[in-house]
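The values are calculated or read from the model by the stated rules, or taken from the named source; none is laboratory data. Please read these numbers as outputs of a predicted model, since none were measured by experiment. Cβ: placed from backbone, ideal geometry, glycine included. Neighbour counts: every protein chain shown. With ligands, DNA and RNA removed, areas are computed over all heavy atoms of the protein, side chains included. Shrake-Rupley method; radii C 1.70, N 1.55, O 1.52, S 1.80 Å.
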Amino acid sequence: MTTILRLVGSVVGSVLLAACGGGAGDDPGTVAPGFVGTSFYQLDVGDLNGDGLNDIAAIGLTQGGNQSTSDLHVILQDPASPGRFTIHQRLPLTSVFGAVVIANLNDDMHEDIAVTEPGRDQVRVLLQDALTPGRFTLSGTFTVAPGVASVEAADVDLDELADLIVTTSRGVVALRQDAAAPGSFPADLAIVVDDTLVAGEALPVDHDGLAAQDLDGDALLDIATVRWDVDVARIYHNDAAVPGTFSPATAIKLGFDATDALAIADLDQDGFMDILAVGDFGGWVDAQLRLFLQDPRTPGTFTRFAAHNLDESGLPIRLAVADVTDDGRPDVLVAKRWIPTHGFVEVFEQVDAPNYVRWLGHFPVLTLAGVSPYLRGFAVADLNDDGLPDAVTADGELSLLLNDAGAPGHLLAARPVLN
């Protein structure tokens, strides 16, 4: 998930600090004078050429001399050498501060890419060429609302076409796909889910603040959001009478001073989606993972079942749920940033009630020489075709942390995705 901007030298650092909510210490994302290369900021994972292997779409800022360009990088996995990747295509963008999502966006059975562009208040849609798998072209840009940030793809109106859910500085907008023109998301089909929120509370795109899942057991996809300085998750329930329209927000109290990310998954495998959230109590330490299980007796209601302290270092920014321990039960991964050294990934394996998860370990990611560390992008998927979920991060450097097949759940030492 991501966006971009034409910036030169150390100017990047000050802009990133403002955009991403950085605190004291080294300016996050500051690029050293004379730096030449590409620093990556956001990413998503999916099969981008139809070969059955997961690939990476990453937003990067490339600098050389007095020139800088912002691009979406299509990075394909080598089928002859799973776990190895090469850049296949670069597509120009206008900013590095948005989000990127991979999904089939024109009903042709090929994965496409959507990117938010906050500077233009737009979403850019790039469609895969069905005749040339792995090649993408710009389908269109679609205006959303001021302060666009995160984006997810989900069929919210039951027409079997993926729609785009976008957070803004004031709330949430659903861009519904035009069934008469697949791959198009015109303004006259857009639904403003919420535009009543306080702009200053919006999460920057380097946090997971948006998810779309069935949160009340009616087989319709609902929307969940969290925001920066608010200790609630907002649930917008899809209206069964008019799918694709949503009720006013229902608030679920999380109990943090600042909420940093959420994820939705059926953690206890009872057929009902649950809510996971990470937040902190005033800065870069004292953060928690909290689990809220849905009550199958009263769908759409959630009760906090467990809270777990995170490792004392770093600020949590992203959550993922996957069976990394290969025991048939979903586990939890938390991406955290830590200035001035590096980010890392914490793994919690699932255990029986009442704790539900326990800390398994934390694993450092790579940083890029010449760029101050400031982890932003994070995804979990099988990235070497061994059947185990792995992790990939963007902290200037794109880092690949492969799952240890000999001890599933433990991540091997990070290595560059591109080498």
Wholly inside segment 185-275, strands (runs of 3 or more DSSP E) that include 2 or more residues that are hydrophobic (A, V, I, L, M, F, W, C) and over 17 Å from G300 (Cβ atoms) are 191-194, 258-265
Residues of segment 58-68 being among the small types (G, A, S) and part of a strand (DSSP E or B), in sequence order, are A58, G60, G64, S68
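Could you say whether any residue in segment 285-299 is more than 21 Å from A353 (Cβ to Cβ) and open to solvent by 30 Å² or more (accessible area, probe 1.4 Å)?
First pass over segment 285-299, keeping only residues more than 21 Å from A353 (Cβ to Cβ): 285-287.
Restricting the remaining residues to those that are open to solvent by 30 Å² or more (accessible area, probe 1.4 Å) gives 285-286.
Checked segment 285-299: at least one residue is more than 21 Å from A353 (Cβ to Cβ) and open to solvent by 30 Å² or more (accessible area, probe 1.4 Å).
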Q. For segment 308-324, does any single residue satisfy the condition of being of a type in the set (K, R), in contact (Cβ under 8 Å) with a residue 40 or more places away in the chain and more than 21 Å from F363 (Cβ to Cβ)?
A. no
_Scan segment 266-277 and tell me whether some residue there is open to solvent by 20 Å² or more (accessible area, probe 1.4 Å) and more than 27 Å from V151 (Cα to Cα)._
yes
query: So is V173 without any contact (Cβ under 8 Å) to a residue 40 or more places away in the chain and not in a loop (DSSP other than H, G, I, E, B) or not?
result: yes
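For V115, are the conditions met, namely being β-branched (V, I, T), part of a loop (DSSP other than H, G, I, E, B) and touching a residue at least 60 places away in the same chain (Cβ under 8 Å)?
On the way: β-branched (V, I, T): yes; part of a loop (DSSP other than H, G, I, E, B): no; touching a residue at least 60 places away in the same chain (Cβ under 8 Å): yes.
The answer is no for V115.
For segment 105-120, which residues satisfy the criterion of being open to solvent by 10 Å² or more (accessible area, probe 1.4 Å) and in contact with a strand residue (DSSP E or B) (Cβ under 6 Å, 6 or more places away or on another chain)? Write out each step before concluding.
Residues of segment 105-120 that are open to solvent by 10 Å² or more (accessible area, probe 1.4 Å), as a first pass: 106-111, 118-120.
Within segment 105-120, N106, H110, E111 meet the criteria.
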Of (1) more than 22 Å from the chain's Cα centre (by Cα); (2) in a loop (DSSP other than H, G, I, E, B); (3) among the hydroxyl-bearing types (S, T, Y), T303 fails just (2)
Counting only residues in segment 366-401 that are more than 19 Å from the chain's Cα centre (by Cα) and at pLDDT 95 or above, the one most open to solvent (accessible area, probe 1.4 Å) is identified as D385
For the structure I just gave you, tell me whether A179 is without any contact (Cβ under 8 Å) to a residue 24 or more places away in the chain, open to solvent by 10 Å² or more (accessible area, probe 1.4 Å) and in a loop (DSSP other than H, G, I, E, B).
yes
For segment 315-365 the number of residues that are open to solvent by 50 Å² or more (accessible area, probe 1.4 Å) and of a type in the set (A, V, I, L, M, F, W, C) is 3
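Residues are listed down the side, and each one gets a yes or a no for (1) in a strand (DSSP E or B); (2) more than 21 Å from F378 (Cβ to Cβ); (3) at pLDDT 95 or above; (4) open to solvent by 20 Å² or more (accessible area, probe 1.4 Å):
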{"residue": "P33", "(1), (2), (3), (4)": "no, yes, no, yes"}
{"residue": "D44", "(1), (2), (3), (4)": "yes, no, yes, yes"}
{"residue": "I56", "(1), (2), (3), (4)": "yes, no, yes, no"}
{"residue": "L72", "(1), (2), (3), (4)": "yes, no, yes, no"}
{"residue": "T86", "(1), (2), (3), (4)": "yes, yes, yes, yes"}
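Select, from A233, A162, A224, the only residue that is among the aliphatic types (A, V, I, L, M) and open to solvent by 10 Å² or more (accessible area, probe 1.4 Å).
Working: A233 fails: open to solvent by 10 Å² or more (accessible area, probe 1.4 Å); A224 fails: open to solvent by 10 Å² or more (accessible area, probe 1.4 Å).
Just one listed residue meets the conditions, A162.
Give the residue that is nearest to D44 (Cα to Cα), with candidates limited to residues of segment 143-170 that are assigned to a strand (DSSP E or B) and in contact with a Gly (Cβ under 7 Å, 6 or more places away or on another chain). Give the derivation first.
Just the residues of segment 143-170 that are assigned to a strand (DSSP E or B), to begin with: 143, 151-154, 163-168.
Within this subset, residues satisfying the condition of being in contact with a Gly (Cβ under 7 Å, 6 or more places away or on another chain) are 167-168.
Details: T167: 17, T168: 20 Å.
Among residues in segment 143-170 that are assigned to a strand (DSSP E or B) and in contact with a Gly (Cβ under 7 Å, 6 or more places away or on another chain), the one nearest to D44 (Cα to Cα) is T167.
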Residues in segment 311-342 that are at pLDDT 90 or above, assigned to a loop (DSSP other than H, G, I, E, B) and under 21 Å from the mean Cα position of the chain (by Cα) total 3
Reported set for segment 135-152 where residues are surrounded by fewer than 18 Cβ atoms within 10 Å (Cβ to Cβ) and over 19 Å from W228 (Cβ atoms) is R135, T137, L138, G140, T141, T143
Checked pairs for segment 386-411, first closer than 14 Å to Q42 by Cβ, second charged (D, E, K, R), C-beta under 6 Å and 6 or more apart or across chains, list as A394/R376
Original post:
Is there a residue being touching a residue at least 40 places away in the same chain (Cβ under 8 Å) and of a type in the set (D, E, K, R) anywhere in segment 270-287?
Top reply: no
